[in-house]
């Protein structure tokens, strides 16, 4: 079993082309995504790798998940912004491996793949007590709810035919149900998605409440979720959260850059943005 | 009857004991905040120890305490750097950056140029803008600027956005201690322009921070001229 990661793009492509060593294929897929490879062979090779099914790799190489090559290929394809990947990822979204479905859902959200909205919604429709029920014998849920909810938020309301979706209530009802999930990380994902979809302050306030949760892991998730939504009223609460400054800085950057209030034509920060920047300065 | 001085040795010792006895993360944070609030030099060893506990809340409070104590804490911080604990080293650099004592500068320089932790490099970049060269002549301040400006300019190419952000903050801060003569001032503005340019800088938040710095420096210059 190989160790380490590829040194350059040519080596990463070679590692992904060969079929003998799944460890090399695993790291090659990760490397191409991480480095945002533009090589014309990268996406076709990753799509091939996405179809690979295989057992866990030897735990001595530090990888402990089933279908590791396909999962890393799915993750990488989300970073490469190539629409060729959409149909193969939609297929992966129907896999029996929930970890592969999770990676595919995240990547489809990152790619803005509007065709993914319907199948994602179908997976969530049975609600927190079925799709969101614990998977026996594991710490996971029946469906990768967090990734599915986040993807819906990322996709927004643009319809597949270019129009805007007007019948919003069915989708919102599904997402809202997860706002009552017993796990705070799932609630956080639901609030994030609802805030992106509705821009209603109540969801931002729910995320701010999670910044005071007693588990650090939950506070971290809520920080990152607020950053993605760009909900600026959370600025002061983010600055005071008990968590690493690095994460608070990422969240505040999100408030500056992702808010609908951001004026893309002005080179100078607005007074509100200047306030967020000053809060960031204090955390450096 | 004479009243007890507010920060007598026994009182500080009791606060140190409370830090050592804390059982939960929250208790520790509360105890460190109390100890930091007294800003007493006797607290220094205990506060430095807290930097290595991997408890962000307590570490923030300990850094605040060390910064409040100021120059007296610098030798102990420098003597107790933990080469094997990134987190602790980042907090030490933050404390030195906040104090602004020139004895800490070699550490900030090494951290900015070489440290593998972005949180350490960002603290170092900010710290270079927060130096307090007390009693320096204009010529000495100029020499210090000649030493630091190239290092911050080099860090404009750092791969992590947060380090480049901190460089913008550091460059703006340099103006306060450098007080550059009119003929030198453009060197500071040129460096900030690199970060404010969407063609050369990838992260919008960095352009905005650099632009904020440029706007503030322009206002300061206008006030000085008026």
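Just so you know, all these numbers are worked out from the coordinates, no wet-lab data involved. All of these numbers come straight from a predicted model, not from anything done at the bench. Because the Cβ atoms are built from the backbone with ideal geometry, glycine has one as well, and the counts that use them run over all protein chains shown.
Structure data summary
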item	result
Whole-number percent relative contact order across chain A, with pairs defined as alpha carbons under 8 Å at least 6 apart	9 percent
Quarter of the Cα convex hull surface for the stretch B:118-179, i.e. its orientation-mean projected area (nm²)	3.7 nm²
Cα-Cα P(r), the stretch A:1-49, percent of pairs per 5 Å interval	5, 26, 40, 22, 7, 1
Exposure proxy ranking, count of Cβ atoms within 10 Å, fewest first, for B:84, A:178	B:84, A:178
Taking the C-alpha atoms of chain B, convex hull volume expressed per residue in Å³	153 Å³
Computed over chain B: relative contact order in percent, which uses C-alpha pairs under 8 Å that are six or more apart	12 percent
Compactness of chain A as Cα Rg over 2.2 N^0.38 Å, two decimals	1.05
The stretch A:83-161 shape via C-alpha gyration tensor axes, a/c threshold 1.5	prolate
Where N is the number of residues in the stretch B:69-111, Cα Rg divided by 2.2 N^0.38 Å	1.02
Kirkwood-Stokes translational diffusion coefficient of the stretch A:201-252, alpha-carbon pairs, 20 °C, 1.002 mPa s, µm²/s	207 µm²/s
Debye equation applied to the C-alpha atoms of the stretch A:111-196, log10 I(q)/I(0) at 0.20, 0.24 Å⁻¹	-0.86, -1.18
Globularity index of the stretch B:100-226, i.e. its alpha-carbon radius of gyration over 2.2 N^0.38 Å	1.00
Coarse-grained scattering of the stretch A:227-284 at q = 0.26 Å⁻¹, given as base-10 log I(q)/I(0) from a Debye sum over alpha-carbon atoms	-1.06
Under the Debye formula (equal points on every Cα, no solvent term), log10 I(q)/I(0) of the stretch A:158-284 at q = 0.09, 0.18, 0.21 Å⁻¹	-0.27, -0.94, -1.15
Structure-based [θ]222 nm, chain A - -39500 (n - 2.57) summed over DSSP H runs of at least 4, per residue, nearest 500	-17000 deg cm²/dmol
Number of partner chain Cβ atoms within 10 Å, mean per residue of B:203-215	5
Gyration tensor (alpha-carbon) shape descriptor, the stretch B:56-132, a/c threshold 1.5	rounded
Principal-axis tilt of helix B:204-225 within chain B, Cα atoms, nearest 10 degrees	80 degrees
Degrees, to the nearest 10: B:182-196 long Cα axis against longest axis of chain B	80 degrees
Mean separation of Cα contacts under 8 Å, 6 or more apart, over the residue count of the stretch A:180-284: relative contact order %	22 percent
Reciprocal mean inverse distance between Cα atoms of the stretch B:171-226 - Kirkwood radius, Å	11.6 Å
Relative exposure of B:116, A:47, A:165, B:77, judged by other C-beta atoms within 10 Å (fewest first)	B:116, A:165, A:47, B:77
A:276, A:7, B:78, A:226 arranged by Cβ crowding within 10 Å, fewest neighbours leading	A:7, B:78, A:276, A:226
Global geometry of the stretch A:173-217, whether rounded, prolate or oblate, following the gyration tensor of its Cα atoms and the 1.5 cut on a/c	oblate
Mean projection area, nm², convex hull over Cα of the stretch B:1-81	5.5 nm²
Distance histogram for the stretch A:31-150 (every C-alpha pair counted, 10 angstrom bins, percent rounded to whole numbers)	14, 44, 33, 9, 0
Largest-first principal axis extents, alpha carbons of the protein assembly as shown, Å	76, 60, 52
Using alpha-carbon coordinates, inclination of helix B:56-69 to the longest axis of chain B, degrees	80 degrees
